[in-house]
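Asker: Before I ask anything, here is the structure I am working with.
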Amino acid sequence: MNQLEAYDYDPAKSSLAKTLFESLKKIATDNVTSDIGPIDFFKALEQPPEKNLGDYALPCFRFAKAIKKAPNLLAEELKKELEISLNPWIERIDLKGAFLNIFTNQKQVARSLIPSLVNGSGFELLKKNSEHNKTRVMIEFSQPNTHKEFHVGHGRNVCLGDSLCRLFSYNGYQVIPVNYIGDEGAHIAKCLWGVELYQGEALSSSIENKAEWLGQRYVEANIKLKEAPEQDKEKYLAQISTILKSIENKSGSYYETWKTTRQYCLEDFNRIYKWLDVHFDHFFYESEVSEASQEIVSEYIKKGLFIEDQGAIGFDMSDKKLGFFMARKSDGTTLYITKDLALAKVKFNDFTIDRSIYVVGSEQNFHFRQLFYALEKMGFEQAQKCYHLSYGMVVRPDGKMSSRAGNSFTFLQLINLVMEEINLYLIKYKDDWDKTRLQETAHKLAVGAIKYGMLQADPNKEIVFDPKEWVSFEGNSGPYLMYSYARTQSILQKAVDQGVAFSLEHLELLTHESERDLMRYLYDFNQTVIYSCENYKPSTLANHLFFLCKAYNRFYTEVSVMKAESEELRGARLALLQAFANTLKKGLYLLGITPPEKM
């Protein structure tokens, strides 16, 4: 098998790697070591930090050491060999000490790149990775708790998880998107206690946002507990404990109330998922793994892994500086992490997954370090392929939000704020567009604004959300990218109306510097998607699309498409526009965004 077959998404780099390897063999004669191949040159070729330094740079140190030659001298000799190789991808080579700076032939780039983006074949290359094709990846995300409102932090989780699913699928993996709903526990008992105390309008089908209503009762319950005198607090906690036992025993009036209110929350969550165009193949529920969590503790007591320590069951993780891993408390109840053990066992055994990705906030970093080590000690081979995508909080300008404190910003509030801003922008079209088109466009713009706002920052960083900034049609925002797409569609439609079509016949005419810049960003699209997938960072793709659009807008400003100097050049530029539009649309799709065709 050709070593570079898996890298055909980058034909320029693959071709250069082959030529460099053949050149090294000529220079080294008998001294080429057997452990160097074209793949080593492919991996060594890097993109310089500034475009004036070339499209690729090769540091020669490793190869010089292998053939016992001075790096600068090897660089000189490789340059000569490359120049006589007649490799069609090479325009020129600059020598900078032990570095070769290679400029690619723009005509060759255009001939290779643009047709594949116009016909869509360029977006299918990464799906052919044979290793990825047989790897089943489960991505668990969203994980809201019932009986609480869906807040903006949940929104970031959903956007990250959904984009990861799309990125992994694009890269050829078998992806299983799943959700794990927290539908039992002390917070729910506390909420139902708050419902019982509430003197206002009772929860009914007439209340629109029922999860939000229940979240308010939870906040009130916390406040009442916090402010209660000590003699009352003990009584209140006993009442909450009674409710919790009823839920866990699956009997009694509290259990019936739990079932009804739980369903209300699930319906509210599903409406949000539908609005966001997010899908799950399977839903797990915390209530479904309670019994299994007790069973898994008993199983691993028998296997000798879990031991008793002051009444609690678990094992010592001090060798990893993770303290004592508690799987069962001294009162006989399991913990949230024990349920995660049971859930992981279901994932590995029933879904036969190879990799498991958890999208959960950074406050759970220690939890997942303990979880993955416990799974490893329990003998699950897949524990090595578990990954926690940790992300920072979404905060208000005045600081952290907390559902317990009652200062969280609900996701529905965010949707309403963004929709208000979008509708203000679209009001200028109210006389030209029908109601359906206005609503569909507003929806797409709002979803794109929110998703891009959630994704363009590195997952590790906090987001201070600013709805006005997110809906701006200027700067690094979703609407800016969507407007760039719509503008391109407008030009392409104008060409159709005038009977003009794009042409792939004269792509060598695309020689303007702005065309070169635009093609470079188009060429790097697949490499960016690979990086975003491998590093769990949709933000890398989001920012690449932003710079792609900036390059497109420079091109649009500096050259004329419809009034190009010749019919052949106009056809070539229209082809470049079509390639840009297809790439941007695909990139936005990978972020979970569907742009309007017209704006």
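Asker: Would you mind telling me which numbered condition in (1) at pLDDT below 95; (2) among the basic types (Lys, Arg); (3) surrounded by fewer than 18 Cβ atoms within 10 Å (Cβ to Cβ) Lys148 fails?
Answerer: So Lys148 meets the others, but not (3).
Asker: Identify all residues within the stretch 284-303 that are within 18 Å of Asn349 (Cα to Cα), in contact (Cβ under 8 Å) with a residue 60 or more places away in the chain and either of a type in the set (Ser, Thr, Tyr) or in contact with a Cys (Cβ under 8 Å, 6 or more places away or on another chain) (or both); write none if there are none.
Answerer: Within the stretch 284-303, Tyr285, Ser290, Tyr300 meet the criteria.
Asker: Hey, another quick one. How many of the residues making up the stretch 462-482 are in a helix (DSSP H, G or I) and of a type in the set (A, V, I, L, M, F, W, C)? Explain how you work it out, then say what you get.
Answerer: Residues of the stretch 462-482 in a helix (DSSP H, G or I): 467-470, 478-482.
Subset that is of a type in the set (A, V, I, L, M, F, W, C): 470, 481-482.
The number of residues fulfilling the criteria is 3.
Asker: Regarding the stretch 559-575, can at least one residue be identified that is under 22 Å from Leu504 (Cα atoms), without any contact (Cβ under 8 Å) to a residue 12 or more places away in the chain and either part of a helix (DSSP H, G or I) or not assigned by TED's automatic domain parsing to the domain that holds Ser514 (or both)?
Answerer: So far as the stretch 559-575 goes, yes, one or more of its residues are under 22 Å from Leu504 (Cα atoms), without any contact (Cβ under 8 Å) to a residue 12 or more places away in the chain and either part of a helix (DSSP H, G or I) or not assigned by TED's automatic domain parsing to the domain that holds Ser514 (or both).
Asker: Suppose we keep only residues that are assigned to a helix (DSSP H, G or I) and of a type in the set (A, V, I, L, M, F, W, C) within the stretch 356-379. Which one would you say is nearest to the chain's Cα centre (by Cα)? Write out each step before concluding.
Answerer: From the stretch 356-379, those assigned to a helix (DSSP H, G or I) are 362-377; that's our starting set.
Then drop every residue that is not of a type in the set (A, V, I, L, M, F, W, C), which leaves 366, 368, 371-372, 374-375.
Details: Phe366: 22, Phe368: 19, Leu371: 23, Phe372: 22, Ala374: 27, Leu375: 25 Å.
The extreme case among them is Phe368.
Asker: Ok, one more. Can you name the condition, by its number, that Phe123 falls short on among (1) outside the structural domain of Leu341 (by TED's automatic domain parsing); (2) among the aromatic types (Phe, Trp, Tyr); (3) buried (at least 24 other Cβ atoms within 10 Å of the Cβ)?
Answerer: (3)
Asker: While we're looking at this one, here's another question. Report whether or not Ala564 is of a type outside the set (Asp, Glu) and surrounded by fewer than 22 Cβ atoms within 10 Å (Cβ to Cβ). Give the steps one after another, and end with the answer.
Answerer: On the way: of a type outside the set (Asp, Glu): yes; surrounded by fewer than 22 Cβ atoms within 10 Å (Cβ to Cβ): yes.
It is true that Ala564 is of a type outside the set (Asp, Glu) and surrounded by fewer than 22 Cβ atoms within 10 Å (Cβ to Cβ).
Asker: Need the failing condition index for Glu22 against (1) under 34 Å from the mean Cα position of the chain (by Cα); (2) at pLDDT 90 or above; (3) assigned to a helix (DSSP H, G or I), just the number.
Answerer: For Glu22, the exception is condition (1).
Asker: Next question, about the same structure. Scan the stretch 273-294 and tell me whether some residue there is in a helix (DSSP H, G or I), surrounded by fewer than 15 Cβ atoms within 10 Å (Cβ to Cβ), charged (D, E, K, R) and more than 35 Å from the chain's Cα centre (by Cα). Before the answer, list the steps.
Answerer: First, the residues of the stretch 273-294 that are in a helix (DSSP H, G or I): 273-276, 286-288, 290-294.
In the following step, the residues that additionally are surrounded by fewer than 15 Cβ atoms within 10 Å (Cβ to Cβ) were identified as 274, 291.
With the extra rule that they be charged (D, E, K, R), the set shrinks to 274, 291.
Filter once more, so that each one left must be more than 35 Å from the chain's Cα centre (by Cα): none.
No, the stretch 273-294 contains no residue that is in a helix (DSSP H, G or I), surrounded by fewer than 15 Cβ atoms within 10 Å (Cβ to Cβ), charged (D, E, K, R) and more than 35 Å from the chain's Cα centre (by Cα).
Asker: Given the criterion surrounded by 15 or more Cβ atoms within 10 Å (Cβ to Cβ), out of contact with any Phe, Trp or Tyr (no Cβ under 9 Å at 6 or more places or on another chain) and not hydrophobic (A, V, I, L, M, F, W, C), identify the matching residue among Ser514, Ser484, Ser532. Step through it out loud before you land on a result.
Answerer: On the way: Ser514 fails: out of contact with any Phe, Trp or Tyr (no Cβ under 9 Å at 6 or more places or on another chain); Ser484 fails: out of contact with any Phe, Trp or Tyr (no Cβ under 9 Å at 6 or more places or on another chain).
The conditions single out Ser532.
Asker: Those residues that are within 16 Å of Ile296 (Cα to Cα) and of a type outside the set (Phe, Trp, Tyr), I need them from the stretch 371-382; list them, please. Walk me through it before giving the result.
Answerer: Narrowing the stretch 371-382 to residues within 16 Å of Ile296 (Cα to Cα): 371-380.
The answer is Leu371, Ala374, Leu375, Glu376, Lys377, Met378, Gly379.
Asker: Please go through the stretch 143-155 and give me each residue that is within 26 Å of Trp193 (Cβ to Cβ) and of a type in the set (Gly, Ala, Ser), ordered by number.
Answerer: Our first condition is that a residue be within 26 Å of Trp193 (Cβ to Cβ); within the stretch 143-155, this holds for 143-151, 153-154.
Result: Gly153, single match.
Asker: Which residue pairs have Cβ atoms closer than 6 Å, lie 6 or more positions apart in sequence or on different chains, and pair a first residue in the stretch 448-462 that is charged (D, E, K, R) with a second residue that is outside any helix (DSSP H, G or I) and surrounded by fewer than 21 Cβ atoms within 10 Å (Cβ to Cβ)?
Answerer: Lys461/Gly392; Glu462/Gly392; Glu462/Met393; Glu462/Val395
Asker: Determine, yes or no, whether Tyr300 is out of contact with any His (no Cβ under 9 Å at 6 or more places or on another chain) and under 21 Å from His367 (Cβ atoms). Quick ask: steps written out before the conclusion?
Answerer: Details: out of contact with any His (no Cβ under 9 Å at 6 or more places or on another chain): yes; under 21 Å from His367 (Cβ atoms): yes.
The answer is yes for Tyr300.
Asker: Taking Ala211 as the residue in question, decide whether it is part of a helix (DSSP H, G or I), out of contact with any helix residue (DSSP H, G or I) (no Cβ under 8 Å at 6 or more places or on another chain) and of a type in the set (Gly, Ala, Ser).
Answerer: Details: part of a helix (DSSP H, G or I): yes; out of contact with any helix residue (DSSP H, G or I) (no Cβ under 8 Å at 6 or more places or on another chain): no; of a type in the set (Gly, Ala, Ser): yes.
In short, no.
Asker: Filter the stretch 217-274 for residues that are under 19 Å from Gln143 (Cα atoms) and basic (Lys, Arg) and give the result.
Answerer: Looking only at the stretch 217-274, we keep the residues that are under 19 Å from Gln143 (Cα atoms), and these are 218, 258-259, 261-274.
Listed by number, the residues that qualify are Lys259, Arg262, Arg271, Lys274.
Asker: Another question about this same structure. Is it the case, given these coordinates, that Phe284 is closer than 29 Å to Glu140 by Cβ, assigned by TED's automatic domain parsing to the domain that holds Thr333 and in contact with a strand residue (DSSP E or B) (Cβ under 6 Å, 6 or more places away or on another chain)?
Answerer: yes
Asker: Looking at this structure, is Leu225 at pLDDT below 90 and either closer than 18 Å to Thr410 by Cβ or surrounded by 15 or more Cβ atoms within 10 Å (Cβ to Cβ) (or both)?
Answerer: Details: at pLDDT below 90: no; either closer than 18 Å to Thr410 by Cβ or surrounded by 15 or more Cβ atoms within 10 Å (Cβ to Cβ) (or both): yes.
For Leu225, the condition - at pLDDT below 90 and either closer than 18 Å to Thr410 by Cβ or surrounded by 15 or more Cβ atoms within 10 Å (Cβ to Cβ) (or both) - is not met.
Asker: Right, something else. Would you pick out the residues in the stretch 185-222 that are modelled with pLDDT under 90 and among the β-branched types (Val, Ile, Thr)?
Answerer: Ile207
Asker: Considering only helices (runs of 4 or more DSSP H) fully contained in the stretch 512-558, which possess at least 2 residues that are within 22 Å of the chain's Cα centre (by Cα), over 22 Å from Phe168 (Cβ atoms) and not basic (Lys, Arg)?
Answerer: Fully inside the stretch 512-558 and qualifying: 513-523, 538-558.
The values are calculated or read from the model by the stated rules, or taken from the named source; none is laboratory data. Note that the structure is a prediction, hence the values are computed from the model and not measured. Here Cβ is always computed from backbone atoms with ideal geometry, including for glycine, and neighbour counts include all displayed protein chains.
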